[in-house]
Amino acid sequence: MCGVENHAGLHVKFYDDGKEKVFVEHIIADHHQGYPGVAHGGIVAAILDEVGGRVVMINDPMRLFMTMKLEVKYRAAVPVGKPIKAIGWLIKDKGKLATAHAEIRLPDDTILAEAELLLTEPPDTVFTISDADQLGWKVYED
C-alpha cells in the first residue's frame, strides 16, 4: 500500500528520529476519499498501521514485522487534499513481539485518529528477509 513503486499506493515517505519515533508529513489524494473531502477509513488505518509498524525498523530497516492486532480510534474526519502528520512510537519491544502507538494529526497537532498495534516477526513460512527483493522491500535515501 505504501510502496513508492506501487502506482495505486499512498506514496508516503517515512522518517525516524533514530531512537523510537517514525514521522510522516503527507497529503492524502482525492482518490483515497470515502466521503467528499474525507479520507476513507481504510486509508486512515493503513497509514496508522505503516507509521506504527515501522518503529521496530528504526536502526534496522531489514527487521520485518507484521501487524497481529490493530485497534483504531477515529476521533475526527481526516481530510484529503490537505496536510496531515502521522507519528508512531514504540511502547514495548520484546524481541519477537512489540507494541506501538500511532496517531494522525493536523498541522496544529489536533489528533484525528490513533491506533494501538501489536506486532510480530513474520513466520519463516510466510516470508523472511531473504525475500526482501521479491517483496519489493527497499530503503530509499533522500
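Computed from the coordinates by the stated procedures, all read-outs in this text should not be read as laboratory data. Since the model is a prediction, treat every value here as computed from it, not as a measurement. Cβ coordinates were reconstructed from backbone atoms using ideal geometry, including for glycine residues, and neighbour counts include every protein chain displayed.
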Worksheet item: How many nm is it between the label spots at ARG63 and PHE23, if each spot is 7 Å from the Cα in line with the beta carbon?
Response: 2.1 nm
Worksheet entry | region 111-120 - phi-based ³J(HN,Hα) in whole Hz, Karplus 6.51/-1.76/1.60, Gly and Pro as x | 7, 9, 7, 8, 8, 10, 10, 10, 10, 9
Worksheet item: How large is ³J(HN,Hα) for each residue in region 7-18, as worked out from phi by the Karplus curve 6.51 cos²θ - 1.76 cosθ + 1.60 (θ = phi - 60°), to whole Hz, x for Gly and Pro?
Response: 4, 9, x, 7, 6, 7, 10, 10, 10, 10, 8, x
Worksheet item: Got a sec to turn the phi values of region 100-107 into Karplus ³J(HN,Hα) couplings, 6.51 cos²θ - 1.76 cosθ + 1.60 with θ = phi - 60°, whole Hz, x for Gly and Pro?
Response: 9, 10, 9, 9, 10, 10, 7, x
Worksheet item: Whose amide H sits under 5 Å from the amide H of VAL38, counting only residues 5 or more places off or on another chain, with H placed in the peptide plane?
Response: VAL80
